[in-house]
Amino acid sequence: MLKAVIFDLDGVITDTAEMHYLAWKELAKGIGIDFNREFNEELKGISRMESLEKILVHGGVANQFSEADKLGLAKSKNDHYLQLLTQMKPEDIFPGIKEFLDELKANDIKIGLASASKNAPAILESLQITYYFETIVDPEEIAKGKPAPDIFLRAAEKLGITPEECIGIEDSTAGIQSIKDAGMFAVGVGTVNKMEQAGADLILHNTTELALCYLIKKFNQ
Ligand code: BG6
Ligand code: MG
């Protein structure tokens, strides 16, 4: 029986995936690295420092920066990202999410957040939806980030239920893998090709398609 829905944040609840992209692109440009949206897909769901490593490898300059340099670069990116976040308003929540959260609450389905972002609690606050979430996993408290299953497993553990009783919702390939390896039902929001390849159990084009009845039907099939 479905007992909980565990959400990713960036690119699922609001359009912060785009802000991450813009901030990384600017940072990379500053050190002579260019990358496109296709490469950016590989950064989705991945922690800040891992994203930076991937960008440096992509640019062929992984050995040119000390650990201190890398921390500085990650901080610059985050400062720029935080700057972009100052514009965020409750209206920036993706269409259908608020209604879906209300539907989950009304039906006593627990709600959790499994985001790799250290900025997640502040973003939920800006969107004024913190109170919906019974648990928010701090990415610092898990050993391995997505695509490892740890963060979704930890969310289920904190909610006091088994992975088989959970649906996870993700927009990234790494995130879908994390949900599947946790033994949960994976809902992928995004393009069919990408989500099929990632192994999503149910694919939605966008968040307006999130409806509890439909999800429960698919979950029980
Ligand atoms: C994930 C995003 O949710 O969080 C990644 O998909 C991002 O793009 C990661 O790098 C870490 O976010 P933050 O806010 O801690 O830098
Ligand atoms: Mg995401």
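A short reminder: the numbers here are calculations on the coordinates, not readings from a lab. No experiment lies behind these values; they were computed from the predicted model shown. Cβ: placed from backbone, ideal geometry, glycine included. Neighbour counts: every protein chain shown.
When L43 is tested against (1) surrounded by fewer than 17 Cβ atoms within 10 Å (Cβ to Cβ); (2) without any contact (Cβ under 8 Å) to a residue 24 or more places away in the chain; (3) under 16 Å from Y21 (Cβ atoms), exactly one condition is not met: (1). Condition test on D201, is it in contact with a Pro (Cβ under 6 Å, 6 or more places away or on another chain), under 22 Å from E42 (Cα atoms) and more than 14 Å from ligand 1 (Cβ to nearest atom)? The answer is no for D201.
Out of E41, E50, E91, report the one residue that is of a type in the set (D, E) and away from ligand 2 (no atom under 16 Å from the Cβ). Walk me through how you get there before you give the answer.
On the way: E41 fails: away from ligand 2 (no atom under 16 Å from the Cβ); E50 fails: away from ligand 2 (no atom under 16 Å from the Cβ).
One residue alone meets the criteria, E91.
Just one of the listed residues (I31, I13) is β-branched (V, I, T) and within 30 Å of C166 (Cβ to Cβ), and it is I13. Can you name the residue in region 1-27 that is more than 10 Å from the chain's Cα centre (by Cα) and aromatic (F, W, Y) and, of all such residues, is surrounded by the most Cβ atoms within 10 Å (Cβ to Cβ)? Among them, the one singled out is W24.
The set of residues from region 191-211 being of a type outside the set (D, E, K, R) and touching a residue at least 60 places away in the same chain (Cβ under 8 Å) comprises N206, T207, T208, L210, A211.
Checked against (1) under 17 Å from A17 (Cα atoms); (2) in contact with a Gly (Cβ under 8 Å, 6 or more places away or on another chain); (3) among the polar types (S, T, N, Q), S115 meets all criteria but (2). Among residues of region 57-75 being buried (at least 16 other Cβ atoms within 10 Å of the Cβ) and under 20 Å from S117 (Cβ atoms), the one that is nearest to ligand 1 (Cβ to nearest atom) is A74.
Of everything in region 53-82, what is within 16 Å of ligand 2 (Cβ to nearest atom) and free of Cβ contacts under 8 Å to residues at least 24 places away in the same chain? Give them in sequence order.
Step one: of region 53-82, the residues within 16 Å of ligand 2 (Cβ to nearest atom) are 54, 81.
If the condition is that a residue be within 16 Å of ligand 2 (Cβ to nearest atom) and free of Cβ contacts under 8 Å to residues at least 24 places away in the same chain, then K54 is the only one that fits.
Determine, yes or no, whether E99 is farther than 25 Å from Q177 by Cβ, in a helix (DSSP H, G or I), within 22 Å of the chain's Cα centre (by Cα) and not polar (S, T, N, Q). Considered against the rule, which asks whether it is farther than 25 Å from Q177 by Cβ, in a helix (DSSP H, G or I), within 22 Å of the chain's Cα centre (by Cα) and not polar (S, T, N, Q), E99 comes out as yes.
Give the residue that is surrounded by the most Cβ atoms within 10 Å (Cβ to Cβ), with candidates limited to residues of region 129-164 that are small (G, A, S) and on the phi < 0 side of the Ramachandran plot.
Step one: list which residues in region 129-164 are small (G, A, S), which gives 143, 145, 148, 155-156, 160.
Among the residues that remain, those that are also on the phi < 0 side of the Ramachandran plot are: 143, 145, 148, 155-156.
On the way: A143: 8, G145: 18, A148: 16, A155: 30, A156: 27.
Among those that are small (G, A, S) and on the phi < 0 side of the Ramachandran plot, it is A155.
Only one of L85, L113 is of a type in the set (A, V, I, L, M, F, W, C), within 16 Å of ligand 2 (Cβ to nearest atom), in contact (Cβ under 8 Å) with a residue 40 or more places away in the chain and out of contact with any strand residue (DSSP E or B) (no Cβ under 8 Å at 6 or more places or on another chain); which? Reasoning before the result, please.
Values: L113 fails: out of contact with any strand residue (DSSP E or B) (no Cβ under 8 Å at 6 or more places or on another chain).
Going through L85, L113 in turn, the sole match is L85.
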